[in-house]
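Presented below is the structure to which this report refers.
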Amino acid sequence: MSKKKNQSPVTSQTIGEGRVIRNTGSSYIVRLDNGEELQCRIKGNFRIKGIRTTNPVAVGDIVTVAKASDDADYITAISPRTNYIIRRASNLSKESHILASNLDLAILVATLREPVTTTTFIDRFLATAEAYSVSAALVLNKEDMWDDDDRELADALKNLYTSIGYPVFFVSAATGIGLKPLKEFISNKITLLVGNSGVGKSSLINALVPGTELRTGEISDIHHTGTHTTTFSEMIDLPEGGAVIDIPGVRGFGTIDFAPEEVGHFFPEIFRTSRDCRYSDCKHTGEPGCAVIPAVEEHYISESRYASYLSILEEASEEAGADKYRKPF
């Protein structure tokens, strides 16, 4: 006797629209337009309707909710996203993971040590924000721990990224240094906070939203890296209006679905300079008449930014080559 396939309950009544404010892994908390919050599941076949991500529903999504015949609440549709931040699910994965959607702002929380946030990580995050039309900023946390060398590095990073157009804030979640201008900057915005484990995202949110009391972790004495304390994604309302979205810490920021010819578009200073290249399809890797390489040599474009550009370009080219020979599903 053949076994019957598991079937999702038939939805019987549409409840309304709302925003996903929490993802617990097995279910989603949706805040309806009237303020009511419902715990919702998604229908089994909802996962495979052309959605190439590990999470078809993300915090920030505007969704339609319906009550099924089993009296449970289900997400039945997602409204078109205005934008989102996405990354490769893992270094070896062909899948992507949406961190959050419908954002006003995405902020990378970084630290100079314990742990070190590399410029490669920063640049990959910023390039992804550019690619998916999300305004971005940088927060350097743990200012209270800086020595003279750290401060010199912090000032150099601030000069670099503000010259490109990205706001940079120096803060200390532990002491409250620099929090006031940051609070004003994110007020009345939906802001995603991204960062390596251990950079103090949870401590920063606890400082920005008194009473939140998110769990914080210790830094490894051996590896100087943080431990994951956030295990799910959640939108947390700000007292001044708006909200921050807290997600688990990420160890790498792999880009995905970047066309090689578009990578330069996601580095504003490279894109501006490329208008003077002899060829419109210049990849800035040694082509005759390239304007970008001389700009790097003359320090108009940062060497670290150019190195990050080349690393993303290499990945995009490899991915494009693999797609060329990949059989369709």
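This table checks each residue for (1) open to solvent by 30 Å² or more (accessible area, probe 1.4 Å); (2) at pLDDT below 95; (3) within 21 Å of I98 (Cα to Cα); (4) among the acidic types (D, E).
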| position | (1), (2), (3), (4) |
| --- | --- |
| D221 | yes, yes, no, yes |
| H224 | yes, yes, no, no |
| T230 | no, yes, yes, no |
| M235 | no, no, yes, no |
| V244 | no, no, yes, no |
| I247 | no, yes, yes, no |
| T255 | no, yes, yes, no |
| F258 | no, yes, yes, no |
| I270 | no, no, no, no |
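When S79, S96, S101, S69 are screened for being farther than 25 Å from A307 by Cα, small (G, A, S) and touching a Ser or Thr at 6+ places or on another chain (Cβ under 7 Å), only S69 passes. Is at least one residue of the stretch 287-305 closer than 19 Å to A136 by Cα, of a type outside the set (K, R) and in contact with a Ser or Thr (Cβ under 7 Å, 6 or more places away or on another chain)? So far as the stretch 287-305 goes, yes, one or more of its residues are closer than 19 Å to A136 by Cα, of a type outside the set (K, R) and in contact with a Ser or Thr (Cβ under 7 Å, 6 or more places away or on another chain).
Can K201 be described as surrounded by fewer than 19 Cβ atoms within 10 Å (Cβ to Cβ), at pLDDT 90 or above and not aromatic (F, W, Y)? It is false that K201 is surrounded by fewer than 19 Cβ atoms within 10 Å (Cβ to Cβ), at pLDDT 90 or above and not aromatic (F, W, Y). If a residue must be buried (at least 19 other Cβ atoms within 10 Å of the Cβ) and over 25 Å from Y132 (Cα atoms), how many such residues does the stretch 278-294 contain? Of the residues in the stretch 278-294, 1 are buried (at least 19 other Cβ atoms within 10 Å of the Cβ) and over 25 Å from Y132 (Cα atoms).
The values are calculated or read from the model by the stated rules, or taken from the named source; none is laboratory data. All values derive from a computational prediction rather than experimental measurement. Note that each Cβ is placed from the backbone with ideal geometry, even for glycine, and that neighbours are counted across all protein chains shown. Accessible surface areas use protein heavy atoms only, side chains included; no ligands, DNA or RNA. Shrake-Rupley method; radii C 1.70, N 1.55, O 1.52, S 1.80 Å.
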